[in-house]
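See below for the structure under consideration.
The values are calculated or read from the model by the stated rules, or taken from the named source; none is laboratory data. Everything numeric here is computed off the predicted structure, so don't read it as measured data. Cβ: placed from backbone, ideal geometry, glycine included. Neighbour counts: every protein chain shown. The area values use the complete protein model at the heavy-atom level, side chains included, leaving out ligands, DNA and RNA. Shrake-Rupley method; radii C 1.70, N 1.55, O 1.52, S 1.80 Å.
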Amino acid sequence: MADLVRLTIDGKPVEAPAGTLVIEAARCIGVEIPAFCYYPGLSLQAACRMCLVEVERAPKLLASCTLPVAENMVVRTDTPAVKQARRSMIEFLLTNHPLDCPVCDKGGECELQDMVFRYGAGESRFSEVKQHVEEKRFSPIVFFDAPRCVLCYRCVRICNEGLGVRALGIVNRGVASEIGPNRGDRLECDECGACIDICPVGALTSGIYRYQTRPWEMQHVGTICTFCANGCKTTLGVRNHRIIRGNNRDRSGINGEFLCIKGRYAFDFVHSEERLQTPLLRVNGELQPVSWSRALAAVAEKFTEVKARGGKFGVIGSNHTTNEENYFLQKFARQALGTGNIDHQRTGDVATLLGCTRSLATVADLYSTKAALVVGSDLAQQHPLYAFQLRANWRHHQARVYTVTEGPVREDQYSAGRARVQRGEELAGVERLREQLKAEPELVILFGDAIQGEAVRKLVAFGDSLGIPVKYVCLLDYSNSRGAADMGLTPEPGGGLTLPEMLAAWDLDVLWVVGANPLKNGELAADGAFVVVQDLFLTETARRADVVLPAASAYEKSGTVTSATGEVQALRAALKVMGAKPDLEIFGLIAREMGIDLGVAMPEAVFEEIRQTVRGYNVPLPVIAAGGAAQALAPEAPVAAAGRADLAESARNTLFTSGTLGRYSKALNSVEEAPGGLYR
Amino acid sequence: MLYNQPSPLEVKVLTRRFGLPDSQSLDTYLATEGFQGFRRALEMKPEEIIGEVMASNLRGRGGAGFPAGMKWSFVPRASSKPKYIVVNGDEGEPGTCKDRLLIENDPHQLIEGMLIAALAVGAAAGYIYIRGEYRRLIEIMDRAIAEAYRKGYLGENILGSGLRFDVYTHSGAGSYECGEESALLESLEGRRGVPRIRPPFPAVAGAFQCPTVLNNVETLCAVPAILRDGGAAFAALGTPKNGGTRLFCLSGHINKPGVYELPMGFNLLRMIDEVGGGVWKGKKLKAVIPGGSSCPILKASECDLAMDFDTVAKARSMLGSGGVVVLDEDTSIVSLATRVMRFYQHESCGWCVPCREGTTWLRKLLERFHAGHGTLADIDLMGDLARNMLGRTFCPLGDAAAMPMISYVEKFRGEFEEYLNRTPGGPLGRVTIDG
Amino acid sequence: MTFSPELETRLETLMRSCPPGREASALIPMLLYAQDETGALTSEVVEEVARRLGITPLQADEVISYYSMLRRRPAGRHHLQICTNVSCMLRGGQELYGHACKRLGIRNHEVTADGEFSLEEAECLGACSWAPAMLVNYDYHQDMTPEKLDRLIDSLEKKH
Ligand SMILES: Cc1cc2nc3c(=O)[nH]c(=O)nc-3n(C[C@H](O)[C@H](O)[C@H](O)COP(=O)(O)O)c2cc1C
Ligand code: SF4
Ligand code: FES
């Protein structure tokens, strides 16, 4: 640990490691020094001059955001000179700033508004003409209103440094300076909205949210993003059962301040006009709206009948329904229907990994590890949080990141070593980096779907042979891909049919599909099969169904999900959508209709059962209840790999696509970069 | 190339070759004791060279007057990184036009100064940053550099000494702020002219983040004479702690405007009357800006003083860059203030709040005031805003705008008040900001 | 995008004058020299220079929009910069500038309809002792008067 330096701030003694900035040292003892441009984790600017403090023996006020602590330094933040300086800075800032807080989109959560309130300059002596510039639309998502900008450059830095996208810059000089986008008059970027979220004022606003509400009119519900497997927390702003905003201002999740376009803006699929809001039953060959009781009765009747005659069931679960739902579904299948034909769409071979190591990395590890190796994934496009974490680790701790990929990836900007390989040749590429990797003190290996079965075992053997501590992440695609595997949505060993086998079985009597769309690209061989589908939308699979039950999305229910790194986190219901029900509730209703007892179909009760019966899931409840993440422990002894490794195939999602849900998000499809590939 | 008659009162050290036939050529340079200082330096240890410069009491001619020898001594000797000499030829301070003459008339003197600095700190290359408008000077410098290479004064194994030193010119493209040393380095590295956070100072992390000596053209042009004739001889020309001569640029309402090399400490009134031939048109002296527009103004009654850094500082102004602007009794301080503020507003890089917003507010206020729409309260406000900028901006450009403003209002308040009763006009009728 | 051989040589020299790996340092002079040849920094020119230096066009634009000599649109064939800063103002710089506006019928940053002349009210040009001063492209004209300006414009008009 660095040496401790002793100083006093406002008369209070402080000890801080050498190199700490005075503004941070002050925060540690509860002395708030105001700042616009200072932002922890980003490069220093010293541009806003709000953070000026008095330092004994210094001839003038000093910017505390760039001032390292020094032994015996005496700092004061509460003197008349400091207060006067703050007031005058705000007065300067307001000269060109519109004073229309009541109609500004940022009103109520604007840092400038707060500063005026706290530090004064409520009255301006400015009576000249203000500079006027028209508002600009950088993209369907990003709008920029130059006069409101305080030129703190947070947006530029988060984009350049945080994301590595470099889509924003500063153009013009002096008072005409403004933020400029990378394509002249528009942006081509990740459309992640980090710039909007980080903007302290109403200069950057979101095309998705702006001018719809005041922040205090919303409820803010922290839940887990339902798109990819990275497991970001997103805070949904909800008013009258409508989600108006997604953001992450409280930074309480494993993702800190990070969110990609999906987590921040793609929630709108929830309100799609195409949402199913009533059950459908096939009558005379046509799907027709019916009541829940009629639909449930039809399902129960069929299930009971087929079970009674020993018919053949096929059950396909989802990789974005909750652990509780997945657990309950497989229990339903195994215990009530007596079938082992259970599966889900597998997007990575996590099963084999769990079978050969217990050493699994968390998202926090990605930020602290000294070195990381990315195998077979375009991380910034497919696993944006992990890419963000690794980059932050490199920026803050000089972590070394190595890549073995087919083509160029964004990590090339800073990677310490790379190997370009054909798909399938990844292990050879990894081998080429051996000497460099061996010299590292520790390593996290992240690998995509190109590494399956035997290759996973070889990769772990490679890791073991390095003689350093190695942890692994198997890159999966959807919000609960990992949970689906963990909860047992896999064929019963020795006889259960896999997903493709179910589709190919001509004698299948019932196919029950929950939150999946296997018929998008596949075909069902059994013409006569009775198909039950639970989904949000009338997907290709739902069109083939005999009964369609409208399901609630992750944002409408509670329960837990497990990210690719095995971190279990809780969902919180943010709203209700008329007509749709959580899948767990639907399972309970079907069971009741069939007259069978599978236990209480309530998330809390099922989670308790999971904690007691699923290996590794005995995670601490308080952590999860409080909104934290708890990593599911790897099983004590390696488990036998369930199912077949060769079925693992990534969904090839990019920043702008995500299976069915992504198709129904207007936000995701409105940006020019959609549907991915156009842009790197 | 001389644009004004020399004065008999001049002491010609740096300008001794001005006006010689073919003064830009290496032959002329060598024929007039050129490279003798460098040859002496080759025999000396780096500390000795720095010692000689320290003894000369040479202070930076770019404006701040920092002792050159001391600056050189801050360059870490042991650093494994390459070191650089960067010459500040941005010459943007209003009232200043001397570096231009030094390059135009005697480019080899600058090269020799750089070579000596390189020996003193162990530098491998040098960059001469010249403002973009001075394209013809860049051409002259480029020719001189090429000639020096050809004749073995640059490049490898210079004069058989084993020393290697390369020199390049680098053009600016229109920005006063790029004269500020850290903004200059940013510009040199291909970026916007926004200053850097300091520390680290250029001596430790300058050009390309390597240890760097950054000096004004005139500062380095004084070095060959110091090494040739000894630091003591140079020091003796000036006043205590203010060694040598400097090029004073006399402009404004004066009979014989021009650039004159005079000893440090030369009396300002004498400079105006005897060197500059007195205030023009037989008018009385109203005030003087002693060192470029960034310096607080001196009323006529304050002008009987020795022009060295310390004496002018004691008079609460600055010797600055040597731009002496003379104002006659008819000069409108309101017009002057308006024009000066327009300049700083135009040149503010926009990085920090108080400079960006302060200069803009002041400019708008002054232009309105100047157009005849002022109030008494505006006068207090001007001073107040300037004081709110002073010492709080990211770089000294904010101070450069604030200090003169404060002095105008403090020293000529009556004139601002009177202006309220006058019909507006004068040479600055416009009130738009078209920057 | 092709440049003349002279410009190519110039650009190469500039890039070589930077330490290895730091070629982007040459950006500002490269833009200025390119502009001298092409008249303006069109997107095509900017993209070409950016490509050579391995920077993004936005990075180039940040720089272009900062420096007052760099321009996206062409100036006149004869670009007149008339200094009205303090030293020149004291000796008639404002009047000189006003005279040029009238004579050419254009204002600050404008170009005459025939593209021959453009005008800029300049900040200090470093000719304070020989005020008022002005630049035509890169050439100085000092100790100016409105009459001298008229003669200068006459001679420039004749030149083509
Ligand atoms: C706004 C501003 C503009 C400056 N312009 C110049 C300039 O044009 N030429 C110059 O030599 N120094 C200029 N300086 C001073 C430089 O920052 C620096 O102090 C000087 O070049 C150092 O050289 P010296 O020690 O030899 O004087 C300027 C400073 C400021 C704050
Ligand atoms: S747009 Fe917002 S974040 Fe960006 S510089 Fe302006 S105020 Fe700061
Ligand atoms: S936080 Fe220190 S200057 Fe902005």
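Quick one: is A:D190 touching a strand residue (DSSP E or B) at 6+ places or on another chain (Cβ under 6 Å), touching a residue at least 60 places away in the same chain (Cβ under 8 Å) and more than 9 Å from ligand 2 (Cβ to nearest atom)? For A:D190, the condition - touching a strand residue (DSSP E or B) at 6+ places or on another chain (Cβ under 6 Å), touching a residue at least 60 places away in the same chain (Cβ under 8 Å) and more than 9 Å from ligand 2 (Cβ to nearest atom) - is not met. Note on region B:75-107: residues that are touching a residue at least 24 places away in the same chain (Cβ under 8 Å), more than 16 Å from ligand 1 (Cβ to nearest atom) and in a loop (DSSP other than H, G, I, E, B) total 7. Return a yes/no flag: does region A:163-181 have any residue that is away from ligand 1 (no atom under 16 Å from the Cβ), open to solvent by less than 10 Å² (accessible area, probe 1.4 Å), within 12 Å of chain B (Cβ to nearest Cβ) and in contact (Cβ under 8 Å) with a residue 60 or more places away in the chain. No, every residue in region A:163-181 fails to be away from ligand 1 (no atom under 16 Å from the Cβ), open to solvent by less than 10 Å² (accessible area, probe 1.4 Å), within 12 Å of chain B (Cβ to nearest Cβ) and in contact (Cβ under 8 Å) with a residue 60 or more places away in the chain.
Yes/no matrix, rows are residues, columns are (1) within 20 Å of the chain's Cα centre (by Cα); (2) more than 24 Å from B:G34 (Cα to Cα); (3) at pLDDT 95 or above:
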site	(1), (2), (3)
B:P76	no, yes, yes
B:G89	yes, no, yes
B:E93	yes, yes, yes
B:L102	yes, no, yes
B:P107	yes, no, yes
B:L115	no, no, yes
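Among the residues of region B:338-355, those identified as more than 14 Å from ligand 1 (Cβ to nearest atom) and either at the interface with chain A (Cβ under 7 Å from one of its Cβ atoms) or under 21 Å from the mean Cα position of the chain (by Cα) (or both) are B:R339, B:M341, B:R342, B:V353, B:P354.
For region A:556-612, the set of residues classified as out of contact with any Ser or Thr (no Cβ under 7 Å at 6 or more places or on another chain), open to solvent by less than 30 Å² (accessible area, probe 1.4 Å) and on the phi > 0 side of the Ramachandran plot consists of A:G566 only.
Among the conditions (1) open to solvent by 40 Å² or more (accessible area, probe 1.4 Å); (2) outside the structural domain of C:E37 (by TED's automatic domain parsing), the only one that C:P57 does not satisfy is (2).
When each of A:V165, A:V133, A:V129, A:V156 is tested for being in the same structural domain as A:Y209 (by TED's automatic domain parsing), assigned to a loop (DSSP other than H, G, I, E, B) and closer than 30 Å to A:Q389 by Cα, the lone residue that passes is A:V165. Would you say B:D310 is open to solvent by 20 Å² or more (accessible area, probe 1.4 Å), assigned to a helix (DSSP H, G or I) and more than 14 Å from chain A (Cβ to nearest Cβ)? The answer is yes for B:D310.
If only one of A:E109, A:E91 is in a helix (DSSP H, G or I) and acidic (D, E), which one is it? The match here is A:E91. Reported count of residues in region B:71-82, each being buried (at least 22 other Cβ atoms within 10 Å of the Cβ) and closer than 30 Å to C:Y67 by Cα, is 1. Taking the stated definitions as given, is A:A439 free of Cβ contacts under 8 Å to residues at least 12 places away in the same chain, surrounded by fewer than 23 Cβ atoms within 10 Å (Cβ to Cβ) and within 21 Å of A:E411 (Cβ to Cβ)? Taking the combined requirement at face value, the residue satisfies it. Across region A:282-297, the qualifying residues are those that are open to solvent by 20 Å² or more (accessible area, probe 1.4 Å) and in contact (Cβ under 8 Å) with a residue 12 or more places away in the chain, and the one among them that is nearest to A:E567 (Cα to Cα) is A:W292. If you scan region B:47-82, which residues turn out to be closer than 12 Å to B:P211 by Cβ and among the hydrophobic types (A, V, I, L, M, F, W, C)? Of everything in region B:47-82, those that are closer than 12 Å to B:P211 by Cβ and among the hydrophobic types (A, V, I, L, M, F, W, C) turn out to be B:W72, B:F74, B:V75, B:A78. Taking the criterion of being more than 18 Å from the chain's Cα centre (by Cα), open to solvent by less than 40 Å² (accessible area, probe 1.4 Å) and under 23 Å from C:N85 (Cα atoms), the residues of region B:226-256 that qualify are B:H253, B:I254. Among the residues of region C:90-126, the ones that are without any contact (Cβ under 8 Å) to a residue 12 or more places away in the chain, in a helix (DSSP H, G or I) and facing chain B (nearest Cβ under 8 Å) come to 1 in all. Filtering A:A26, A:A58 for residues that are assigned to a helix (DSSP H, G or I) and outside the structural domain of A:V150 (by TED's automatic domain parsing) leaves a single hit, A:A26.
Where strands (runs of 3 or more DSSP E) fall entirely within region A:170-277, those with at least 2 residues that are within 26 Å of A:L661 (Cβ to Cβ) are at A:204-206, A:219-224, A:233-239, A:242-247.
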